[in-house]
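Enquirer: Here you go, one structure.
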Amino acid sequence: MTVPLPVAPLAAYLFLLFWSAVPFAPAEPVLLAGGAFAGTGGLVLPLAILAAATGSLASDLAKYALGRAAGPAVLRRIARRPAGARAVAWIESRLAVSGPMVIAPSYFVPFGVVASTIACGALRMRLRSVVLGSAVGALIWATVFVGLGHLGATVTGNPWFGFALAVPAALVVGLLVRRRVAPARTGEADPCVCGPTPLSREPERHEEACPLAT
């Protein structure tokens, strides 16, 4: 069953792109809705995924630039919230080992992609590596959430019912992936000969001490 889009398809793709590009905005519901309309023929699935991933990549680059300008201060603000503090600790424990590729799994950690891209900027990590890590994460993230919306609409035959079905499914999938990539004890740093220093406190010493920060 094809349910007409409330707007023209081009406007829907642009909305997916621009909303995904808004830093700190929760984009997952929009992706689920876009996937649901793709599931009933209103949108083309690969284009919806591409629009969302492109917007998210742009958002990550904006946060990376923010990190280069004022990373430690922003991370301190994020760490004031319990979920933010856990995300910052998780990112700090993995940056020395994974470098900018930590951005990819951080998409599924609350505040994770915010903390990881800002931290990469604060540590002056290479832009090319940041783009690669962000592109991989954005594509996986967009595929998962747009795909869930698409699946829900395919099952129900209606984009709105599909969206309603996809929301709890997305919560479950997000929780399972989060437990996989970020175990409960996120505060423990991985061993590193560099001796990583908390980014939100002493970013300069961490940058000098760890070769990954160059």
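Enquirer: Do we have G67 as out of contact with any Pro (no Cβ under 9 Å at 6 or more places or on another chain), modelled with pLDDT under 95, assigned to a helix (DSSP H, G or I) and crowded, with 22+ Cβ neighbours inside 10 Å here?
Expert: Here the answer is yes, as G67 does meet what is asked.
Enquirer: Please verify whether G152 is surrounded by 23 or more Cβ atoms within 10 Å (Cβ to Cβ) and over 30 Å from V74 (Cβ atoms), treating the condition exactly as stated.
Expert: Yes.
Enquirer: Among the candidates V102, V109, which residue alone is within 15 Å of the chain's Cα centre (by Cα), of a type outside the set (D, E), surrounded by 15 or more Cβ atoms within 10 Å (Cβ to Cβ) and not in a helix (DSSP H, G or I)?
Expert: V109
Enquirer: Can you work out which of the residues in segment 70-87 that are in contact with a Phe, Trp or Tyr (Cβ under 8 Å, 6 or more places away or on another chain) and among the aliphatic types (A, V, I, L, M) is surrounded by the most Cβ atoms within 10 Å (Cβ to Cβ)?
Expert: Residue satisfying both the conditions and the ranking: A87.
Enquirer: Would you confirm, using the coordinates I've provided, whether L31 is out of contact with any Ser or Thr (no Cβ under 6 Å at 6 or more places or on another chain), under 20 Å from F108 (Cβ atoms), part of a helix (DSSP H, G or I) and not hydroxyl-bearing (S, T, Y)?
Expert: yes
Enquirer: Would you confirm whether any residue within segment 160-171 is under 16 Å from the mean Cα position of the chain (by Cα) and either surrounded by fewer than 24 Cβ atoms within 10 Å (Cβ to Cβ) or under 23 Å from A21 (Cβ atoms) (or both)?
Expert: Yes, segment 160-171 has at least one match.
Enquirer: From the list L31, L14, exactly one residue is surrounded by fewer than 17 Cβ atoms within 10 Å (Cβ to Cβ), modelled with pLDDT of 95 or more, over 18 Å from S116 (Cα atoms) and not β-branched (V, I, T). Which is it?
Expert: L14
Enquirer: Moving to a separate point now. Considering G187, G174, which residue is modelled with pLDDT under 90 and surrounded by fewer than 15 Cβ atoms within 10 Å (Cβ to Cβ)?
Expert: Only one candidate qualifies: G187.
The values are calculated or read from the model by the stated rules, or taken from the named source; none is laboratory data. Since this is a predicted model, take the numbers as computed values, not measurements. FYI the Cβ positions are ideal-geometry reconstructions off the backbone, even for glycines, and counts take in every protein chain you see.
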